[in-house]
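One structure is given below, encoded as structure tokens.
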Amino acid sequence: MEATNDQKTSEQTLDPKTNLLRDLHKRYIVGLDAKKDTFEYWVTEHLRVSGMYWGLAAMDVLQSLEEMDRKYIIDYVASCQTSDGGFGGNVEHDAHLLYTLSAIQVLVMLDGLDSINVEAVVNFVSKLQREDGSFSGDKWGEIDTRFSYIASCTLALLKRLDTINGEKAIEFIVKCKNFDGGFGAVPGAESHAGQVFCCVGALAILGGLQHIDADVLGWWLAERQIKEGGLNGRPEKLPDVCYSWWVLSSLAIIDRLHWIDHKKLHSFILDCQDDDAGGIADRPGDIADVYHTFFGVAGLSLTGFGNLNPVDPAFAINPKYLERLGIDWRSKSSPSQSTLL
Amino acid sequence: MSDSEDESDIQYVPFNQREEWKDVVPIPQDDGPHPVCVIAYTDQFSDTLNYFRAILKKDERSPRALEISKEVIALNPANYTAWYFRRNVLEALKSDLTEELAYVSKVGNSNPKNYQIWFHRRWVVEHLKDYSHELSYCAKQVEGDSKNYHAWAHRQWAIQMNGQWEGELDYISQLLTEDVRNNSAWNQRYFVITKNRAIPLTDDVIRREIDYAFSYMQKAPNNQSSWTYMKGLFLNRPYNSIPEFKQRIEEAKSKYVANAHAATLYLDILEKEATKESLEAADKVLDDLIKHLDTLHSKYWIWKKENVARLMQPQ
């Protein structure tokens, strides 16, 4: 969507390599729901609820949450709750943990939890825990540490962590710790920054951070930064803006954010902006999407880029919502440090 | 757009023109008015999803329900509801899962990183109790993308279910010969040597693995995987359990003068040794890392240097 000369804002004269094009990104996010004639709209239909979360959370970081239509979003998200208590990715979709967390995060941000059946959500989520402490994403049984994180995060936001076996949940996550200090999706699976975030985030929420050696993991995470400044997810892979979140939030939780070169990372993220249509892409020159837009601005926020709202590294929402709910994960546990100290 | 080889020969016909769907009333998405500019594939999308919604609502588990789930998947293989529904229908119809394995293989070949497809495959294989095709299927995906996370996780699962450990180390060597930087292959090697109960981790095995890592390291000394692997071998044992290891690393460090990984591993050995001499040597290695070997991570190395200084102080 190109602006005419008359519509050119002062922002369009800014150098996208050193400036965050806030207004452009806001216009991009707000305009997403209207683009019903695009392929992208249809092929992401099944995860619309998550798309709403990424859009809303990004607007919050950009200090513009109030520009979103609160009532419309709450009503829409509430209509995605299914008879088994969880949320589908869109209306009439089956419930899945992925969209359940996104729905709860959206409702927390908009203070709309009373629009849904909270007890049914708690029931849906807690029943997904297996005997070995792991969580499946739905009744079909796919196991992944992503779901350990999602379940913990959802229940913590609903103040119902008591409905799962926290000790067992922690036990399973620790089994996914690898020889290089990282974490994978299941025991034995390769260390991957996305899975690391899920494991570290879950341990933070469940109060099991003492199982992490902050120095060993911090170093694995710091090594994700390549010379040009971007972050990758595994050794020898390409950098991607979403790792700005998975890696940085993990480092923030274990108090090692300063081991990343922030300036270089900022350059990389800013370079991924689409200075024409708005939004942020995974890599410079690629097409933007709302997922990378959120993780890009969240990464900037975590590393002190100016004039952005904060994001809690464990819950991925503004910490003010956690304060309102009385959630303080930092007081529950701390990571260990190498016996060297 | 999903690139389904088996769907390309089926021409899309709008559902209201299909005889066998005449009794179904489509349920449109309640999205608001249709946009002015409608593009061809969105017609097919909305039409198919509208009819799918109708079948979902009725929870109709029939042959045409199976067909439409295939069409929805062809349009969007990540539509997890379509996969759920398909499994329900397969169970209700008591369908031949051998055919289903062929189908999920085809769709998987076109969409190698799709979570739903990998899970569906696992479900089919578990029901068939036939793991015999899994290693070759995973190998095919890895051929297309040597680091496909799903393929590797599925491979580990299949091996553990089947006990098919034999040949795995050779397979890994083949991959590393093609690309020594393949971190996934290194991870797999660690998986095999630690999870295969038939081969305990003796000193001899550790020595063999060190030699192995060295031989591949030499092909790409700046790739961290082989170094990380070596360090990983000592996760649950002290470095001095293999006395000659320290010297080998020291020699490697001297040989690969600009190599941060060699220095990093040598540093770890010195730190864990924790004698006056070793810590003084560690301090010198840290200076090298900070000044020129790994300036990107200088903040980390400076912090390490402070740690070592603290340790060197008299108790």
Candidates per trypsin sites (Lys or Arg not before Pro) in segment B:218-315, loop by DSSP, up to 16 other Cβ within 10 Å: B:Lys219
Cross-link partners of A:Lys263 among lysines (Cα-Cα below 20 Å; sequence separation of 8 or more within a chain): A:Lys17, A:Lys227, B:Lys291, B:Lys299
Inter-probe distance in nm under a simple model that places probes 7 Å from Cα toward Cβ, at A:Asp275 and A:Val118: 4.7
In the structure shown, of B:Lys231/B:Lys305; A:Lys264/B:Lys272; A:Lys175/A:Lys237, the pairs separated by more than 23 angstrom at the C-alpha atoms are A:Lys264/B:Lys272; A:Lys175/A:Lys237
Return, for the Cα atoms of the protein assembly as shown, the radius of gyration and Dmax in Å, separated by a comma. 26.0, 90
Net charge within 15 Å of A:Val61 by Cβ-Cβ distance, Lys/Arg positive one each and Asp/Glu negative one each, not counting A:Val61 itself? -2
Chain A, relative contact order in percent, only Cα pairs under 8 angstrom and at least six apart counted: 18
If you average the alpha carbon positions of segment A:214-261 and of segment B:106-185, how far apart do those two centres end up, in angstrom? 27
Quick one: accessible area per residue over the protein assembly as shown, 1.4 Å probe, rounded to a whole number of Å²? 43
Would any residue of segment B:96-133 have its amide N under 15 Å from a label point 7 Å out along Cα→Cβ of B:Glu20? List them or say none. none
Too long for a 27 Å Cα-Cα cut-off, among A:Lys71/A:Lys159; A:Lys168/B:Lys106; A:Lys139/A:Lys168, are A:Lys168/B:Lys106
Counting protein heavy atoms only and a 1.4 angstrom probe, how many square angstrom of accessible surface do chains A and B bury in total, to the nearest 100? 5200
Considering every residue in A:88-98, what mean count of other chain Cβ atoms within 10 Å of its Cβ is obtained? 4
Any idea what the relative contact order of chain B is, in percent, if you count C-alpha pairs under 8 Å spaced at least 6 apart? 9
Scoring segment A:155-211 by relative contact order with C-alpha pairs under 8 Å, at least six apart, yields a percentage of 26
What does the accessible area of A:Cys198 come to, in Å² to the nearest 10, when a probe of 1.4 Å is used? 10
At A:Asp75 and B:Lys140, where each label point lies 7 Å from the Cα along Cα→Cβ, what is the point-to-point distance in nanometres? 4.9
Helix-only mean residue ellipticity at 222 nm, the protein assembly as shown, DSSP H runs n ≥ 4 weighted -39,500 (n - 2.57), per residue, nearest 500. What is it? -16500 deg cm²/dmol
Among A:Gly86, A:Gly182, A:Gly285, the residue with the largest mean-square fluctuation in a Gaussian network model of chain A built from Cα contacts under 10 Å is A:Gly285
Leaving out ligands, DNA and RNA, what percent of the accessible area of segment B:115-241 is carbon and sulfur, probe 1.4 Å? 48
How would B:Met161, B:Met312, B:Met217 line up by accessible area, probe 1.4 Å, largest first? B:Met161, B:Met312, B:Met217
Of the trypsin sites (Lys or Arg not before Pro) in segment A:205-305, which ones lie in a loop per DSSP and count no more than 10 other C-beta atoms within 10 Å? A:Lys227
Give the residue list of GluC sites (Glu not before Pro) in segment B:185-273 that are DSSP loop and have at most 12 other beta-carbon atoms within 10 angstrom. B:Glu244
Two decimals is fine: what is log10 I(q)/I(0) at q = 0.14 Å⁻¹ for segment B:172-315, from a Debye sum with one equal scatterer on every Cα and no solvent? -0.71
Over the whole of A:42-54, what's the average partner chain Cβ count within 10 Å per residue? Rounded to a whole number, please. 3
Taking beta carbons within 10 Å but only from partner chains, what does the mean come to for residues B:79-89? 4
Förster-model FRET efficiency, 51 Å R0, B:Lys255 and B:Glu99, C-beta, rounded to 0.05: 0.35
Normalised per residue, the volume inside the convex hull of the alpha-carbon atoms of chain A in Å³ amounts to 135
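The values are calculated or read from the model by the stated rules, or taken from the named source; none is laboratory data. Quick caveat: nothing in here was measured; it's all calculated off a predicted structure. We place every Cβ from the backbone using ideal geometry, glycine too, and count neighbours over all the protein chains shown. To get the accessible areas, we keep the full protein, side chains included, count just its heavy atoms, and leave off ligands, DNA and RNA. Shrake-Rupley method; radii C 1.70, N 1.55, O 1.52, S 1.80 Å.
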